[in-house]
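There's a structure below that I have some questions on.
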Amino acid sequence: MQAETEERQRKNQLSIRLVGGQRLPTWGVEIEGHPCAVRLDTGAEESILAGRLAHLGTWIEDTSNRWLEGASGGLLRVKGRVRLEWTIEGRQVIVEPLVVDGLSEDLLLGNPFFDHHGCQVAYDTRTLNFPKWGLEVPFGLHAAATKQVHARRATVVQTHGISAMSGSRMQVAIDAPDGTEVQFVPDRTNRKNRCLLAATVATVANGNILVPVLNGTEDKGHLLAQEEVGSWTPLSDELQVLDQPEDTTREDLIAWLAQIAETP
């Protein structure tokens with residue numbers, strides 16, 4: 001019995017993590033046997049679930065004509081809405097979040113959740129309170145350290161048109177400090193805009209990077225402003241990206257590799 005109580009307290013324990021420069025309570029729960037990190041944001045107008053976890057719920061709405069603007073200004077396509085359920089201290093928790101792809105977090109609970117359950121986040125007592133159940137779930141105000149780097153979404157800065165059978169470079173917005181070296185990976189989707197973006201390693205300048213884009217069709221292509229076109233990750237300080245001069249010969253490369261092999 002004691003072991004079950006400790007396990008229940010662990011699952012219901014809230015911790016604080018640094019997310020986008022802001023501290024948000026994070027509630028560790030299990031949904032259909034799957035551990036989920038649930039962020040609590042009383043300022044969010046909607047509850048949002050990562051598309052990779054949609055299988056944990058029951059679909060109640062299916063749509064592809066709606067977009068959601070993220071914190072960095074990027075647009076996330078809404079796939080629909082699901083109904084999720086889990087229990088806490090024998091009480092059933094219900095939430096109906098929108099499902100979007102590209103969300104690095106598992107689940108974000110917004111105003112609809114707090115209104116439905118009549119619960120509040122009490123920072124003075126560090127508890128999530130459910131008055132109608134007489135239930136108070138404690139949380140800490142520590143930041144959990146992690147070495148994991150989540151992929152961020154990258155968006156088009158401004159609408160960009162590309163002539164038929166041509167290529168150019170366009171600006172992609174990266175939410176990182178200037179001077180940060182990042183790796184951009186385009187989405188692998190069948191785009192109707194006929195544009196093919198290249199995987200790129202670049203340094204952020206004015207919040208943007210330049211990405212090569214190619215239109216190999218006989219029709220004009222375009223990319224819309226704020227459209228999500230891929231993901232980016234900061235490169236580790238331990239990883240050095242090397243530029244190869246155009247006049248590098250095979251002999252130069254062999255000599256360079258031999259030099260590396262001799263270096264202790």
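The values are calculated or read from the model by the stated rules, or taken from the named source; none is laboratory data. Fair warning: this is a prediction, and the values are worked out from it, not measured in the lab. Cβ atoms come from the backbone with ideal geometry, glycine included; neighbour counts cover every protein chain shown.
Of all residues in segment 187-206, which are modelled with pLDDT under 85 and either under 20 Å from the mean Cα position of the chain (by Cα) or assigned by TED's automatic domain parsing to the domain that holds Arg77 (or both)?
Answer for segment 187-206, where residues must be modelled with pLDDT under 85 and either under 20 Å from the mean Cα position of the chain (by Cα) or assigned by TED's automatic domain parsing to the domain that holds Arg77 (or both): Asp187, Arg188, Thr189.
Filter segment 92-106 down to the residues that are more than 14 Å from Arg39 (Cβ to Cβ) and either among the charged types (D, E, K, R) or not assigned by TED's automatic domain parsing to the domain that holds Val78 (or both), then identify the one that is surrounded by the fewest Cβ atoms within 10 Å (Cβ to Cβ).
Asp101
Which of the residues spanning segment 77-108 are out of contact with any Cys (no Cβ under 8 Å at 6 or more places or on another chain) and among the aliphatic types (A, V, I, L, M)?
Within segment 77-108, Val78, Val82, Leu84, Ile88, Val93, Ile94, Val95, Leu98, Val99, Val100, Leu103, Leu108 qualify.
Kindly indicate whether Gly70 is surrounded by 14 or more Cβ atoms within 10 Å (Cβ to Cβ) and at pLDDT 85 or above.
Against the criterion (surrounded by 14 or more Cβ atoms within 10 Å (Cβ to Cβ) and at pLDDT 85 or above), Gly70 does not qualify.
Which one is farthest from the chain's Cα centre (by Cα), of the residues in segment 108-143 that are of a type in the set (Gly, Ala, Ser) and at pLDDT below 80?
Residue satisfying both the conditions and the ranking: Gly140.
Considering only segment 1-60, state which residues are surrounded by 14 or more Cβ atoms within 10 Å (Cβ to Cβ), assigned to a loop (DSSP other than H, G, I, E, B) and at pLDDT 85 or above.
Glu46, Ser47, Gly57
Moving on. Taking only segment 26-58 into account, find how many residues are closer than 14 Å to Trp86 by Cα, of a type outside the set (Gly, Ala, Ser) and touching a strand residue (DSSP E or B) at 6+ places or on another chain (Cβ under 6 Å).
7
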